[in-house]
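A short write-up of the structure that comes next.
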Amino acid sequence: MAEKRNERNDKLREERREQILEAALEVFARKGFVGTKASDISKYSGLSHGLTYHYFESKDEIFTELVERALKSAAAVIDYALLQPGTSADQLTWLTGIILSHTGGSSSYPFLLMVQAFTMESIPPKAKELVAEYEGLPRIRMAELVRKGQEEGSFREGDPEQLAYVYLSAIQGLSFSSFAAGRSFPVDPAHVNQLLLN
């Protein structure tokens, strides 16, 4: 009986944490870290201020957890692309399609959070540490895909890290433009892929 109650409590705790994190992601994306008050997160999550801070110690802790998730996710999607069947060109097509399907509206929130994490001086120290730790990881992973494609002869010649940087910059620009416009742009993944393919 006590075990089931503990399981229910753990499940409720996890659901509440996710509710808070989802709300905070949007608030931070729209208002920025400095412009966001703890009360904004509570209000948007639909939970009381006290309950919100029962699950998290501070706004800094919430922001840092969201930054960590966003940074890990950015590298993981490239790792997952490398596991897809087919050639490097097929893997690139899969990757670009996935990324472009997550631009615009709320799908851009993690990207906007990362922009803050990489550019703002005022973010929490632990978030700065995460940025330093994960900073080049997506570019390094993307360079692996580029190298593989070059070996197969389907990717253009050039420094793999520079080509990876150009590709990721284009994707980030599309994500930012979609958010600013309030909608996704119907971009053909093949046009983005031409940055890398022969």
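What follows draws every value from the coordinates through simple rules; no lab data is involved. This structure is a prediction, so every number in the text was calculated from the model and none was measured. So basically every Cβ, Gly included, is an ideal-geometry build from the backbone, and we count neighbours across all protein chains shown.
With +1 on the Cβ of every Lys and Arg and -1 on the Cβ of every Asp and Glu, and nothing else charged, how large is the dipole of the range 76-172 about its Cα centre, in debye rounded to the nearest 20?
The calculated dipole for the range 76-172 is roughly 220 debye.
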Item checked: Residue among 51, 29, 12 farthest towards the positive dipole end of the range 1-56, charges placed on Cβ -> 51
Note to self: What would the Debye equation give as log₁₀ I(q)/I(0) for the chain at q = 0.18, 0.19 Å⁻¹, counting only Cα atoms as equal point scatterers?
What the structure shows: -1.18, -1.25
Notebook entry, point to check: What number comes out for the charge environment of residue 15, summing +1 per Lys or Arg and -1 per Asp or Glu over other residues with Cβ under 12 Å away?
Noted result: +1
Next item on the list: State, in angstrom, two size descriptors of the range 29-140 derived from its alpha carbons: Rg to one decimal place and Dmax to the nearest whole number.
Entry: 16.3, 52
Checklist line | Cα-centred dipole magnitude for the range 1-118, charges only on beta-carbon of K, R (+1) and D, E (-1), debye, nearest 20 | finding: 380 debye
Checklist line | Calculated from backbone phi, Karplus (6.51, -1.76, 1.60) coupling profile of the range 79-93 in Hz, x at Gly/Pro | finding: 4, 5, 4, 5, 8, 5, x, x, 7, 4, 4, 5, 5, 5, 4
Next item on the list: Would you mind checking which residues have amide H under 5 Å from residue 155's amide H? H placed 1.01 Å from N; only 5 or more apart, or other chain.
Entry: 150, 198
Margin query: To test your reading of the geometry: what angle, between 0 and 90 degrees and rounded to tens, separates the Cα axis of helix 125-134 from the longest principal axis of the chain?
Written below: 20 degrees
Checklist line | Listed residues 125, 155, 103: farthest to the positive end of the dipole of the range 79-198 (Cβ charges) | finding: 103
Notebook entry, point to check: Across the chain, how many lysine pairs separated by 8 or more positions, or lying on different chains, have Cα atoms within less than 29 Å?
Noted result: 24
